[in-house]
Amino acid sequence: MNEIMAIAGSTWRRILRMKVVYFLIVCVWILIGSAMNYDILSLGEEKELMIDVSLLLNTIAIALIVISVTFEIPRELHEGAAATMLTKPLGRTQYLVGKFLGSVITAIIIGLIIAAGFFVLFYMVFGEPLIISLLQAHLLIIASSIPMTAIAVLFSMILPEMITPIITAIALWFSFSTSHLAKYGFMKIIYGGVLPDLDLFNFKSAAMITAGWSYVAMAAVWGAIFSVFALTLSSLIFRFKDIK
Amino acid sequence: MEDFVIRTENLTKVYGHLFWKKKEASLEKLNLQIPRGSVFGFLGPNGAGKTTTIRLLMDLIKPSEGQAWVLGQPADNVKVKQRIGYLPDGPSFSTYLKAYEFLNICAKLLKIPSSERKKRIYEVLDIVKMTEHANSKLGGFSRGMIQRIGIAQSILNKPELLILDEPLVGLDPHGRQELKDIINEQKKAGTNVFFCSHILSDVEKICDHVGILSRGKMLCCGALTDLLSETGYRLVIKAGHDDIMQKFMPEASSSSKLSDGGWELVFKENVEVKKSIDELKREKPDAITYHPSKENLEDFFFRQIASTDKRI
Ligand SMILES: Nc1ncnc2c1ncn2[C@@H]1O[C@H](COP(=O)(O)OP(=O)(O)OP(=O)(O)O)[C@@H](O)[C@H]1O
Ligand SMILES: [Mg+2]
């Protein structure tokens, strides 16, 4: 476990040291804060708009963190940074799990920071304290980083380095659109099974409807189970890979 | 305890993957046995397969055929790595980490107890003369500085076996001398060292065993003293004595025409030849000069490589 946390630690240290991450967080806050000014768009539903924007932007921010994994793992593998780690008593599976955990933990931290900023703004604008269902909606988004990162790790193992980030981004988009795509039968085949149903995590304005803690917990558990499956597959593939 | 620190059996690597394979093997049926307590120099021209062998030993790449053991364990054993130090060829480490942080992660992976980590990290930083850069980011380091950090991480765990891929590359003259000292220190401490290098004069000074690899095949391997004493003497025939040259040519292991028109023949230790040369020396003392020659590693290396090129 110590080995896994050593790798995870170096991963979140990398992300949290990038100044662009803080720039991203501040931009997200500014966008959320300015959402209520779009009265033309919101047609008097400023509150709903602000909630939707906060959930959407938090999702995007987390997705960006996740996608950075698809840059980092292949780069570490071909530049030789991974080789230095893997020639220590560190199994290949442990390396992948470390990368996975490091990225999930970073995504959770950043997701929480964005959500906290949103709640402060929401309170300042509407004077309403923390609404539980809204908190649950944000937590669901944050929990979605678990299966998303698992996909990113898996894709980093099976796809050529050049196209991994873009394919991962498309896959995440598909996964979040399952309820819309389900209308088209054939689309279901594409995402069914391989990609997780991230719509589980996606509440948007429906957030006003109470989902309940049990739902949040179940979605998180489901995400964890999917991750175990995806990481097992990744590790099986990684076992046979040549590393520079 | 196994007598060999490194052992390979028909170790073969053909690069490529499921759908595409290179035509030629980068390493072909390598059988290597490196005894305990040796400093082994692994030599060979560019593309010979040295790095490939080392990566196979470190389980970074998988063999197409055959097997390798390090310190008595199969190369893919994760635990055995705790007793090994490895410096990759042209090391590259996560640029966003500071030198100390990087070594700290390595120390954690090597299971060095947290109470000893800091002390040990500063020890190795001192050995490679990088203490003052402990808190600088690796991204800002020069090639030689990175090489020094690479050496530091390889000796962090006081390894039983140290595998170095071209450790002298990128180091300044001081650095090279320091590295040679480090290797000597390691040897004194009982560490087995396996390294490859192109700087033959250094290899000759540091190593007691060498192996020469060419085009994926081992040409020769053994104790340096045995290999280099293989050649007995060098006979220089003055210009105009071609008859002598013709007489001795068939016995010579190598011959070359000198710029002044004379010849130089090299013989292996051979009683018959020695006798006739002694005779000749009495008859025509001016026609030849000869000296028992202990070849240096560089000559030996070129001769070995040249002989394969002829065979091909
Ligand atoms: N990742 C790879 N994919 C395909 N071929 C490779 C790969 N790595 C090495 N090779 C080939 O394997 C052969 C041996 O390469 P290797 O790197 O082991 O040589 P080397 O002896 O270390 O040479 P050098 O002295 O230049 O470091 C070369 O022909 C090289 O082209
Ligand atoms: Mg090499």
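Where residues in the stretch B:1-37 are assigned to a loop (DSSP other than H, G, I, E, B) and either free of Cβ contacts under 8 Å to residues at least 40 places away in the same chain or within 14 Å of chain A (Cβ to nearest Cβ) (or both), which of them is farthest from the chain's Cα centre (by Cα)? By that ranking, first place goes to B:19.
Here is a yes/no grid of residues against (1) surrounded by 19 or more Cβ atoms within 10 Å (Cβ to Cβ); (2) over 17 Å from residue A:233 (Cβ atoms):
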{"position": "A:99", "(1), (2)": "yes, no"}
{"position": "A:108", "(1), (2)": "no, yes"}
{"position": "A:115", "(1), (2)": "yes, yes"}
{"position": "A:124", "(1), (2)": "no, yes"}
{"position": "A:130", "(1), (2)": "no, yes"}
{"position": "A:135", "(1), (2)": "no, yes"}
{"position": "A:138", "(1), (2)": "yes, yes"}
{"position": "A:150", "(1), (2)": "yes, no"}
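Within the stretch B:38-71, the set of residues being within 16 Å of ligand 2 (Cβ to nearest atom) and assigned to a strand (DSSP E or B) comprises B:40, B:41, B:42, B:43. Going by what's in this entry, would residue A:129 be described as within 14 Å of chain B (Cβ to nearest Cβ) and free of Cβ contacts under 8 Å to residues at least 24 places away in the same chain? So residue A:129 does not fit the description; no. Restricting attention to the stretch A:225-241, the residues being modelled with pLDDT under 90 and surrounded by fewer than 15 Cβ atoms within 10 Å (Cβ to Cβ) number 3.
Scanning the stretch A:215-233 for residues that are in contact (Cβ under 8 Å) with a residue 24 or more places away in the chain and among the small types (Gly, Ala, Ser) yields A:219, A:220, A:223, A:224, A:227, A:230. Taking the conditions exactly as written (more than 27 Å from the chain's Cα centre (by Cα), under 26 Å from residue A:98 (Cβ atoms) and of a type in the set (A, V, I, L, M)), does residue B:105 satisfy them or not? Criteria met by residue B:105.
The values are calculated or read from the model by the stated rules, or taken from the named source; none is laboratory data. Here the structure is a predicted model, which means the values were calculated and not measured. Because the Cβ atoms are built from the backbone with ideal geometry, glycine has one as well, and the counts that use them run over all protein chains shown.
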